[in-house]
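The values are calculated or read from the model by the stated rules, or taken from the named source; none is laboratory data. Everything numeric here is computed off the predicted structure, so don't read it as measured data. Every residue, glycine as well, gets a Cβ built from its backbone with ideal geometry; the counts of neighbours run over all protein chains shown. Areas reflect the complete protein model, heavy atoms only, side chains present, ligands, DNA and RNA absent. Shrake-Rupley method; radii C 1.70, N 1.55, O 1.52, S 1.80 Å.
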Amino acid sequence: MNNVSTVMFTGNVTHKLDPKSRVAIPAGWRAAQGETLVMIAACSDEKYRIMKCYTREAFAEKIAYIREQAQARGAAPGDIDSYVGRITGCCFEAEVSSQGKLLIPKAQRERIGLKEWATIVGRGAHFEIWSPEDFEATNSPEALKELHLDKIFHMLT
């Protein structure tokens, strides 16, 4: 498998879903081809619904970071386990095909509001899948004013 440090997800692109509910990932991200990705749809009632996609290694690093930061803030071990359990309970795994496509199951498509098109947004060590309408709305002047740094781990929202 690829080392997560060799996969850098940057930029954004909007692609049409194919008849099998697959979306093509950008050519520059093909280092993740054949990689098993851990995918998590936002589990809250946030305004914008997204799916986050991590390599297994990047996901393990994110979970380790969450545990470390929660411990540093004095969270009880049971609370940390419960939070991590919520995160992992919302996940599923998928592979990037040899054609560079990623299958998005129907339940997850519906959960994040995908219809015919998907916008894929690089976030460095992971990428996100958005409905094009929601992604456009996040770049409006009003949405940019609403950005807050109140979500410590930015995993479930």
- Is at least one residue of segment 99-118 over 26 Å from GLU133 (Cα atoms) and in contact with a helix residue (DSSP H, G or I) (Cβ under 8 Å, 6 or more places away or on another chain)? no
- Query: Of all residues in segment 52-106, which are over 16 Å from the mean Cα position of the chain (by Cα) and acidic (Asp, Glu)?
  - Reply: GLU68, ASP79, ASP81
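Residue by residue, here is whether (1) touching a helix residue (DSSP H, G or I) at 6+ places or on another chain (Cβ under 7 Å); (2) in a strand (DSSP E or B); (3) crowded, with 16+ Cβ neighbours inside 10 Å; (4) modelled with pLDDT of 90 or more holds:
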residue: VAL38; (1), (2), (3), (4): yes, yes, yes, yes
residue: ASP45; (1), (2), (3), (4): no, no, no, no
residue: TYR54; (1), (2), (3), (4): yes, yes, yes, yes
residue: ILE63; (1), (2), (3), (4): yes, no, yes, yes
residue: GLU136; (1), (2), (3), (4): no, no, no, no
- Item | Residue in segment 75-112 that is farthest from ASP18 (Cα to Cα), counting only those that are open to solvent by less than 40 Å² (accessible area, probe 1.4 Å) and assigned to a helix (DSSP H, G or I) | ILE80
